[in-house]
1. Please compute, over every Cα-Cα pair in the chain, the percentage with a separation greater than 20 angstrom.
2. Need the full-extension length gain, residue 91 to residue 5, defined as separation in residues times 0.36 nm minus the C-alpha distance. One decimal, nm.
3. For 59, 73, what's the fewest-to-most ordering of other Cβ within 10 Å of each Cβ?
4. Residue 82 to residue 43: extension gain in nm, 0.36 nm per residue of separation minus the Cα-Cα distance?
5. Relative contact order of the chain: what whole-number percent is it, with Cα pairs under 8 angstrom and at least 6 residues apart?
6. Compute and list, largest first, the equivalent-ellipsoid semi-axes of region 29-74 from the alpha carbon gyration tensor, each √(5λ) rounded to a whole angstrom.
7. Figure the gain on full extension for residue 60 and residue 14 (residue separation times 0.36 nm, minus the Cα-Cα span) and round it to one decimal in nm.
8. Taking the Cβ of each residue in 21, 87 as the centre, tally the other Cβ atoms inside 10 Å and list the residues starting with the fewest.
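What follows is calculated from the coordinates using simple rules that are stated; it is not laboratory data. Computed from a predicted structure; not experimentally measured. Heads up, the Cβs are rebuilt from the backbone with ideal geometry, glycines too, and the neighbour counts pull from every protein chain shown.
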């Protein structure tokens with residue numbers, strides 16, 4: 001069974017478009033373009049799970065996080081500023 005995703009945020013920040021989608025179980029998916037070469041990361045700390053796909057400058061990149069707190073971490077891993085992370089997450093809940 002595949003997850004159903006609903007777009008909960010779309011915008012432009014720091015010269016990049018960003019789309020945030022949420023599934024019925026509270027998992028978030030972020031779609032944006034990478035602004036630096038990144039090897040990607042995946043980690044789990046207790047209930048917190050963050051995954052950022054490897055990507056090069058200008059490539060479309062996808063990240064998944066299992067909570068709003070994890071989403072904040074994922075956005076930081078995608079090299080968005082703390083101010084941008086706060087503004088995006090404040091609009092979600």
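1. Of all Cα-Cα distances in the chain, 29 percent exceed 20 Å.
2. Values: separation 86, 0.36 × 86 = 30.96 nm, distance 1.74 nm.
Computed gain between residue 91 and residue 5 is 29.2 nm.
3. By the 10 Å Cβ count, ascending, the order reads 59, 73.
4. So the chain would gain 12.0 nm between residue 82 and residue 43.
5. Rounded, it is 22 percent for the chain.
6. Numbers: eigenvalues 81, 21, 9 Å².
Semi-axes, largest first: 20, 10, 7 Å.
7. Values: separation 46, 0.36 × 46 = 16.56 nm, distance 1.52 nm.
My answer for the length gained is 15.0 nm.
8. On the way: 21 19, 87 14.
So the residues, fewest neighbours to most, are 87, 21.
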